[in-house]
């Protein structure tokens with residue numbers, strides 16, 4: 001069974017308690033369950049990983065790239081949190097690993113503070129899902145699945 005990686009960055013372990021008016025009341029465990037359920041409906045395995053540390057996220061992207069090259073992994077759904085707006089290193093990791101990544105945001109970052117309007121990841125990503133709450137994860141998984149199906 002092919003799989004995908006759902007990768008979450010800093011502070012996403014605080015989902016459900018951090019700014020619920022912005023991010024909703026779902027916890028990271030709820031999001032991971034939603035992702036696994038969506039994956040199951042598409043006959044895909046879903047691995048979920050969260051870290052508050054940039055280097056650990058880079059390592060996860062590198063590993064995802066190796067797994068993609070071996071044909072095991074169709075891609076990554078990546079909510080990089082605030083690193084979206086600051087990390088050239090994550091951009092470079094995505095480009096270097098050559099793994100399809102969908103950039104994900106729970107909130108509509110373009111309706112928020114101006115510093116959130118720029119993403120270092122967008123130029124390296126195959127697409128962006130933003131503003132659909134945690135449902136965006138299911139949308140991104142569906143998009144990755146459809147892309148993989150078209151590529152095979």
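Before moving on, here are some points about what is shown:
- Residue in segment 70-113 that is modelled with the lowest pLDDT, counting only those that are in a loop (DSSP other than H, G, I, E, B), touching a strand residue (DSSP E or B) at 6+ places or on another chain (Cβ under 7 Å) and farther than 19 Å from residue 51 by Cβ: 108
- Among the residues listed as 130, 138, the single one being closer than 22 Å to residue 28 by Cα, modelled with pLDDT of 95 or more and in contact with a strand residue (DSSP E or B) (Cβ under 7 Å, 6 or more places away or on another chain): 130
- Within segment 38-69, the set of residues being in a loop (DSSP other than H, G, I, E, B) and within 18 Å of residue 127 (Cβ to Cβ) comprises 42, 44.
- The residue that is farthest from residue 79 (Cα to Cα), counting only those in segment 127-138 that are touching a helix residue (DSSP H, G or I) at 6+ places or on another chain (Cβ under 7 Å) and either assigned to a loop (DSSP other than H, G, I, E, B) or without any contact (Cβ under 8 Å) to a residue 12 or more places away in the chain (or both), is 132.
- Candidate set from segment 29-44 (those that are more than 13 Å from the chain's Cα centre (by Cα) and surrounded by 15 or more Cβ atoms within 10 Å (Cβ to Cβ)); member that is farthest from residue 9 (Cα to Cα): 42
The values are calculated or read from the model by the stated rules, or taken from the named source; none is laboratory data. Owing to the predicted nature of the structure, the values given are computational and were not obtained by experimental measurement. Ideal geometry is used to build each Cβ from the backbone, glycine not excepted, and the neighbour counts take in all protein chains shown.
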